[in-house]
Amino acid sequence: MVAKRASKQALKAEEVELRDYELVVIISPEVMDEKLDAIVDNISKFITERGGIISSVDRWGKRKLAYPIKHFMEGDYVLTVFRLKPELSKELEARLQILEEVLRHLLIKLSS
């Protein structure tokens, strides 16, 4: 009984460390569907392998951009809502900047 309480308290303490985020990623329209799925899966794996919790992944599809980005006038939008430790957000952004297929990304910390 005591062990169950201790594990529940540890789980709650771990969840308290997590912060809510929204991530919007614009992916190059030249990327094929299989590669798009792989990019989204890699982002999701990064979050879950580091103790994060994904609430939802919404693919908005191809949308017209307000201005050209890397000579593209449209891109595939993906919105991911998740919880992650705050110190890992910089690492996630660094990984997104490295990916050539990602035209832009926006990581927003949601108020708690």
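So here's what we get for this one:
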{"item": "Every residue from segment 66-80 that is modelled with pLDDT of 95 or more and either surrounded by 15 or more Cβ atoms within 10 Å (Cβ to Cβ) or not in a strand (DSSP E or B) (or both)", "result": "Glu74, Gly75, Asp76, Tyr77, Val78, Thr80"}
{"item": "Selection status of Arg83, over 13 Å from Leu18 (Cβ atoms) and either among the basic types (Lys, Arg) or not in a strand (DSSP E or B) (or both)", "result": "no"}
{"item": "Any pair with Cβ under 6 angstrom, 6 or more apart, that starts in segment 56-84 at a residue that is under 11 Å from Ser28 (Cα atoms) and ends at one that is of a type in the set (Gly, Ala, Ser) and surrounded by fewer than 10 Cβ atoms within 10 Å (Cβ to Cβ)", "result": "none"}
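The values are calculated or read from the model by the stated rules, or taken from the named source; none is laboratory data. Here the structure is a predicted model, which is why all the values come from computation and not from measurement. Positions of Cβ are backbone-derived with ideal geometry, glycine not excepted, and every protein chain shown enters the neighbour counts.
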